[in-house]
Amino acid sequence: MRVLLAEDEETIAVTLRHALEDAGYQVVSAPDTATALARLERDNPDVVLTDIRMPGGGGMEILQRSVALDPHRPVVLMTGYGTVEQAVEAMRIGAAHYIQKPFRNEAVVQLVQRFGRERSLETENERLKAELREVACERMGEMVGRSQTMQAVFVRIATVAPTDAGVLIEGESGTGKERVARVLHERSQRAAGPFVALSCAALPESLLEAELFGHEKGAFTDAHKERKGRFELAHGGTLFLDDIDDMPLGVQVKLLRVLQERNFERLGGEETRKLDIRVVAATKRSLRELVREGRFREDLFYRVHVVPVKLPPLRERAGDVPLLLKHMLERFGKGRNYHVSVPTLNVLERYPWPGNVRELENAVQRAIALAGDALELRREFLLPLDPRWRGATEPAETVRPLREVLRENEIAHIKRALELTGGHRTQTAELLGISRKVLWEKLRDFGLDPGPGEKDEASKGEPDASAR
């Protein structure tokens with residue numbers, strides 16, 4: 001810890017400096033006010049010891065400047081001509097302590113030790129607060145992410161959650177739309193109420209309508225008793241309609257009426273029931289496009305598309321894979337210190353994750369299940385062996401030579417041409433834009449077996465190379 005000692009009396013300055021250094025402190029000395037002010041700016045000490053009377057403005061000026069630079073820094077004033085008024089003024093400005101000369105150096109060292117501990121605790125407290133702010137910024141509910149795209153989502157959620165506005169969550173499958181809906185509910189004024197979720201893609205139209213509205217006893221075959229629907233169950237809370245893009249048009253009409261009038265009747269019932277819910281919907285496809293195609297009602301679109309929240313796919317969340325991986329290893333590791341190597345982590349970041357966060361989550365669970373006693377998760381358990389992703393899943397050091405890749409693609413292209421022509425060599429050559437002889441040579445070189453006698457036939461009409 002660094003201590004500024006501003007003292008013009010050489011005897012006090014030297015002996016006190018030695019006592020502080022023996023106690024393990026780094027001491028910065030200043031014999032006058034100007035030097036002390038410069039040291040304050042340059043060295044940023046943790047504690048200041050200053051004489052009140054010294055060349056220049058003196059200790060009060062040093063005190064004022066120290067407080068201006070850092071209000072929490074302890075300043076101890078030393079004087080041989082102290083008065084009560086002076087002590088009161090010093091404490092009013094912000095001095096931590098006021099000590100009269102003569103004093104024992106041990107007493108001053110003890111003061112510095114006490115203020116140093118307090119200073120260290122304050123610094124540590126601020127550091128921990130900063131870390132908590134960073135963690136809070138990286139996590140919201142069960143969602144984690146430090147990428148700019150996810151930070152924008154967190155800001156939108158924090159802004160709209162306290163309101164009662166309807167929200168439409170747009171995002172690909174596996175991006176975590178239900179988790180967004182749950183956070184919206186948990187941060188809303190309806191948090192004490194129920195959160196009820198329903199997938200519109202999971203049920204046929206007749207059952208979906210019954211799930212939403214409920215039914216009275218005898219409303220239809222097998223309706224042996226009355227049953228509350230999701231509207232009733234969500235009363236006072238939030239209803240989450242997942243995959244609303246798959247909702248049949250017939251149900252859309254009835255949902256629109258409920259959203260407009262805020263009341264409904266059970267199937268087979270006549271009693272009109274009041275409804276107090278917030279509707280949060282999610283879609284994996286553009287509802288605007290579905291409206292243009294006539295597959296989604298335009299009036300319902302404007303009812304659910306009040307505040308859109310666009311959830312980015314994992315491939316657009318730069319830097320989030322390591323954070324998500326750490327979170328999932330802690331969540332599924334059950335106390336074991338699972339980890340991945342740096343090369344594997346680099347490959348995981350390059351992979352496009354078409355299944356988004358859900359695919360990553362499944363990959364982590366699979367790798368842990370297959371890890372056995374090992375703590376380092378293997379790459380082949382985390383990533384698919386699908387050749388379509390070879391460029392992303394192969395590390396840079398195993399990139400294959402270009403000629404091998406070109407050869408493979410040329411062979412595949414010739415095979416495709418042969419399939420299209422039924423194996424007819426002349427038509428295949430014409431389709432590929434090469435001569436029959438060149439085709440025969442490629443079939444031979446690639447081991448595709450041009451067949452007996454093909455060479456002579458392929459050479460007919462072709463001039464000898466020496467005659468060209």
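Within the bounds of segment 447-454, is there any residue that is at pLDDT below 60, outside the structural domain of Val347 (by TED's automatic domain parsing), more than 30 Å from Pro352 (Cβ to Cβ) and assigned to a helix (DSSP H, G or I)?
Within segment 447-454 (the criterion being at pLDDT below 60, outside the structural domain of Val347 (by TED's automatic domain parsing), more than 30 Å from Pro352 (Cβ to Cβ) and assigned to a helix (DSSP H, G or I)), the answer is yes, since at least one residue qualifies.
In segment 320-364, what residues are of a type in the set (Gly, Ala, Ser) and out of contact with any strand residue (DSSP E or B) (no Cβ under 8 Å at 6 or more places or on another chain)?
Gly333, Gly335, Gly355, Ala363
Matching residues to (1) surrounded by fewer than 17 Cβ atoms within 10 Å (Cβ to Cβ); (2) not in a loop (DSSP other than H, G, I, E, B):
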| position | (1), (2) |
| --- | --- |
| Pro162 | yes, no |
| Leu168 | no, yes |
| Thr175 | no, no |
| Leu198 | no, yes |
| Ala210 | no, yes |
| Lys225 | yes, no |
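Could you grab me the full set of residues in segment 86-116 that are free of Cβ contacts under 8 Å to residues at least 24 places away in the same chain and polar (S, T, N, Q)?
Gln100, Gln110
Looking at Thr149, is it more than 24 Å from Leu290 (Cα to Cα), hydroxyl-bearing (Ser, Thr, Tyr) and in contact with a Pro (Cβ under 6 Å, 6 or more places away or on another chain)?
Considered against the rule, which asks whether it is more than 24 Å from Leu290 (Cα to Cα), hydroxyl-bearing (Ser, Thr, Tyr) and in contact with a Pro (Cβ under 6 Å, 6 or more places away or on another chain), Thr149 comes out as yes.
How many residues, within segment 230-240, are without any contact (Cβ under 8 Å) to a residue 60 or more places away in the chain and touching a helix residue (DSSP H, G or I) at 6+ places or on another chain (Cβ under 9 Å)?
Filtering segment 230-240 for residues without any contact (Cβ under 8 Å) to a residue 60 or more places away in the chain gives 230-239.
Checking the rest, the ones that are also touching a helix residue (DSSP H, G or I) at 6+ places or on another chain (Cβ under 9 Å) come to 230-232, 237-239.
Final tally of qualifying residues: 6.
Just the residues that are among the charged types (D, E, K, R) and either closer than 20 Å to Asp8 by Cα or surrounded by 16 or more Cβ atoms within 10 Å (Cβ to Cβ) (or both), please, taken from segment 72-105.
Arg73, Lys101, Arg104
Looking only at segment 36-63, how many residues end up being in a helix (DSSP H, G or I) and either among the hydrophobic types (A, V, I, L, M, F, W, C) or within 49 Å of the chain's Cα centre (by Cα) (or both)?
12
Conditions tested, residue by residue: (1) out of contact with any Pro (no Cβ under 7 Å at 6 or more places or on another chain); (2) over 22 Å from Glu298 (Cβ atoms); (3) not polar (S, T, N, Q).
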site	(1), (2), (3)
Gly176	yes, yes, yes
Arg179	yes, yes, yes
Phe220	yes, yes, yes
Gly237	no, yes, yes
Asp242	yes, no, yes
Gln252	yes, no, no
Lys274	yes, yes, yes
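Could you count how many residues in segment 1-35 are assigned to a helix (DSSP H, G or I), closer than 21 Å to Ala90 by Cα and of a type in the set (Val, Ile, Thr)?
Matching residues across segment 1-35 total 2.
Given (1) under 30 Å from Arg315 (Cβ atoms); (2) out of contact with any helix residue (DSSP H, G or I) (no Cβ under 9 Å at 6 or more places or on another chain); (3) of a type outside the set (S, T, N, Q); (4) part of a loop (DSSP other than H, G, I, E, B), identify the lone condition not met by Val155.
Failing condition for Val155: (4).
The values are calculated or read from the model by the stated rules, or taken from the named source; none is laboratory data. Because the structure is predicted, anything quoted here is derived from the model rather than measured. Positions of Cβ are backbone-derived with ideal geometry, glycine not excepted, and every protein chain shown enters the neighbour counts.
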